[in-house]
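J.: Quick one: the structure is below, and I'll ask about it shortly.
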Amino acid sequence: MAVKQIFGTIITFVSVFLIHLISAQTSSSINHNGLSRTFVYYTPSSWNQGQELPLLILLHGLTQTGAGVMGITGFNEIAEQHNFIVCYPDGINNAWNANMNVTVSTADDKGFIETLTHYFQDNFNTDPLKQYLCGFSNGGFMSHKMACESSECFAAIATISGNMSDTTYSNCTPQFSPAILHIHGTADAIVPFNGGAATGVSVDQTMQKWANHLN
């Protein structure tokens with residue numbers, strides 16, 4: 001009987017936790033450059049207007065959506081445990097304009113992401129010095145572009161299978177000094193570790209660019 005009661009308590013706790021995760025998850029949109037830009041975000045249960053919580057913006061890969069990567073990364077649970085707000089925006093036509101050699105989008109995504117940071121600063125009092133970006137593939141390219149070119153402060157970026165395009169590499173003059181985590185498979189056939197005509201410079205060139213900037 002005791003075991004059944006403990007098991008029942010665990011099931012109840014998990015159910016309540018999952019219900020909270022769903023209820024704290026919100027779909028929204030803002031207008032930027034005449035386009036309705038959509039995003040999903042999650043606020044931890046501890047949030048109140050008096051706190052300046054960190055903000056993480058997670059950028060999906062090509063053909064993906066914000067809600068899609070939300071469903072596979074588990075970042076809502078991490079945000080709940082570690083007390084930050086996480087946002088999953090959507091690129092136009094499931095793509096980000098990261099100035100890649102193969103044009104996948106012409107939208108002003110740099111401006112859109114900057115507008116998102118102001119949205120959360122204004123409506124949720126997020127800390128402008130504790131803003132973070134992470135992204136997969138095309139979203140990784142966009143993260144490097146933002147860290148290189150944005151007037152908004154991003155304390156760190158973390159990318160998986162993304163890189164700097166040739167254009168981003170040439171124009172990279174960061175106003176801030178973000179920490180960089182770059183994860184990349186040496187056998188990646190889509191975004192080659194050693195660079196390529198479609199994807200730009202090598203991972204080593206990207207990391208050396210950041211190493212030089214960060215001294």
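J.: Between ILE183 and SER46, what FRET efficiency comes out of the Förster formula 1/(1 + (r/R0)^6) with R0 = 22 Å and r the beta carbon distance, rounded to 0.05?
T.: 0.15
J.: Hey, another quick one. For the chain, what proportion of DSSP beta bridges, expressed in % and rounded to the nearest 5, is antiparallel?
T.: Of the beta bridges lying entirely in the chain, close to 40 percent run antiparallel.
J.: Want the number for ASP204 to ASP166: 0.36 nm per residue separation, take away the alpha-carbon distance, what's left?
T.: 12.3 nm
J.: Rounded to the nearest 0.05, what FRET efficiency do ASN93 and ASN125 have when you use their Cβ-Cβ distance and R0 = 41 Å?
T.: For ASN93 and ASN125, the calculated efficiency is 0.80.
J.: Given N residues in region 27-214, what is Rg(Cα) / (2.2 N^0.38 Å)?
T.: 0.97
J.: Evaluate the distance, in nm, between pseudo-label points positioned 7 Å from the Cα of THR63 and of ASN194 along their respective Cα→Cβ axes.
T.: About 2.6 nm, to one decimal.
J.: For the chain, how many pairs of lysine residues have a Cα-Cα distance under 22 Å, where the two are 8 or more positions apart or belong to different chains?
T.: 5
J.: When the chain is treated as a GNM, springs tying every alpha-carbon pair under 10 Å, which of HIS60, HIS144, HIS182 comes out with the largest mean-square fluctuation?
T.: HIS182
J.: Go ahead and run the numbers for FRET between GLN81 and SER29, Cβ-Cβ distance against an R0 of 41 Å, rounding to 0.05.
T.: With R0 = 41 Å, the Cβ-Cβ based efficiency is 0.90.
No value in this document is a laboratory result; all are computed from the given coordinates. Worth saying up front: this structure is predicted, and the values here are computed from it rather than measured. Heads up, the Cβs are rebuilt from the backbone with ideal geometry, glycines too, and the neighbour counts pull from every protein chain shown.
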